[in-house]
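The values are calculated or read from the model by the stated rules, or taken from the named source; none is laboratory data. Just so you know, these numbers come straight off a predicted model, no measurement behind them. For neighbour counting, all protein chains shown are included, and Cβ atoms are generated from backbone atoms with ideal geometry for every residue, glycine included.
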Ligand SMILES: [Zn+2]
């Protein structure tokens, strides 16, 4: 394993809400000031120097199992033509591999004892795989409702899998590992903030990849959203490219959710409350909204799109008939894109990229 070097361009963190700046240290609970005010928000790294299109990343050569540079595919449905950025093609079957690559790289370069994550989905398998590839200790903390097949895959990496009875216990245990010197990929506060901010930076690359693969800037991207790491990372990627005058406009970002959460906040409700709703779309389940998800939608002039399980199942079947096998939460973007075209939420002939986050073959 080559030595992993953390970028010396990162000089601290900045709150994405109040813009306060902080020194570079663990900030699992986001901005302390905003948390104190009862309005939690994530932080993002501050880079010094000028952006040259390539250099605003925490690592030039992160730990890699071959993640990123995923294919961009043409799709035509009865509503029209669009593209799929197929993140299901990452090594463990989901976009989370991009983040795991950065989190494990950070743990190695900053000499943490190991990595830990509270996860009931594919993030656990992803982190465990990257940790085992680099031989660093990994603990995945989940609840006893964890899918058995997924549990056996996680254990097969050699990672320690701890099952708790409740989500709250999961967070308490994660915090204990953090105090013992582990780097956590996930946070542990309610209302939540985004995941580990260096890890989230990995999603910025999706903006550049889409540009390179299409040869131009798309007009809109459709993204399955729960805590909003992915949609925020993509937003950050585009806002940096805009800042550097590489592009003129940030594409509209559409957040896809299984029941109304972001939509309700956009209609005036407080983002720190819990939003009722049940769903089997596990990867985008949850009753909370993060400031980062909200900002990505608002600042890009996008919308939140509500997709039911039934519509997701129909889209999953439709895509399988085209040879593209998507996990259910991931297939929501197909139904959402059809809805966006049908309801004319974009201009005619606008280029839309649906980000399909995970594979049907990875159990969750
Ligand atoms: Zn703040």
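Scanning the range 1-25 for residues that are in a loop (DSSP other than H, G, I, E, B), under 25 Å from residue 179 (Cβ atoms) and touching a helix residue (DSSP H, G or I) at 6+ places or on another chain (Cβ under 7 Å) turns up 4, 6, 20. Considering the range 97-155, the residues that are modelled with pLDDT of 95 or more and assigned to a loop (DSSP other than H, G, I, E, B) include one that is surrounded by the most Cβ atoms within 10 Å (Cβ to Cβ), namely 112. Among the residues of the range 300-317, just one is part of a helix (DSSP H, G or I) and in contact with a strand residue (DSSP E or B) (Cβ under 7 Å, 6 or more places away or on another chain), namely 316. The residues of the range 7-16 that are surrounded by 17 or more Cβ atoms within 10 Å (Cβ to Cβ) and more than 14 Å from the ligand (Cβ to nearest atom), listed by number, are 7, 10. Do the conditions hold for residue 120, that is, is it within 19 Å of the chain's Cα centre (by Cα) and more than 16 Å from the ligand (Cβ to nearest atom)? It is true that residue 120 is within 19 Å of the chain's Cα centre (by Cα) and more than 16 Å from the ligand (Cβ to nearest atom). Summed over the range 17-28, residues that are more than 8 Å from the ligand (Cβ to nearest atom) and buried (at least 17 other Cβ atoms within 10 Å of the Cβ) total 2.
Every test in (1) within 16 Å of residue 225 (Cβ to Cβ); (2) surrounded by fewer than 21 Cβ atoms within 10 Å (Cβ to Cβ); (3) modelled with pLDDT under 95 is passed by residue 278 save one, and that test is (1). Within the range 45-71, the set of residues being crowded, with 20+ Cβ neighbours inside 10 Å and either within 11 Å of the ligand (Cβ to nearest atom) or over 21 Å from residue 232 (Cα atoms) (or both) comprises just one member, 63. Close contacts from the range 17-29, counting a first residue that is in contact (Cβ under 8 Å) with a residue 12 or more places away in the chain and a second that is near the ligand (Cβ under 7 Å from one of its atoms) and part of a loop (DSSP other than H, G, I, E, B), with Cβ to Cβ under 8 Å and a gap of 6+ residues or different chains, come to 17/31; 17/41; 18/31; 18/41; 20/31; 22/31. Step by step: first the residues of the range 29-42, then only those that are near the ligand (Cβ under 7 Å from one of its atoms) and within 20 Å of residue 229 (Cβ to Cβ), then the one that is nearest to the chain's Cα centre (by Cα). Which residue is that? Among those residues, the one meeting the criterion is 41. Exactly one residue out of 297, 333 is more than 16 Å from residue 89 (Cβ to Cβ), surrounded by 24 or more Cβ atoms within 10 Å (Cβ to Cβ) and touching a strand residue (DSSP E or B) at 6+ places or on another chain (Cβ under 7 Å), and it is 297. Could you count how many residues in the range 72-88 are surrounded by fewer than 18 Cβ atoms within 10 Å (Cβ to Cβ) and under 22 Å from residue 99 (Cβ atoms)? Qualifying residue count for the region: 1. Considering only residues in the range 321-347 that are assigned to a loop (DSSP other than H, G, I, E, B) and over 16 Å from residue 71 (Cα atoms), the one that is nearest to the chain's Cα centre (by Cα) turns out to be 327.
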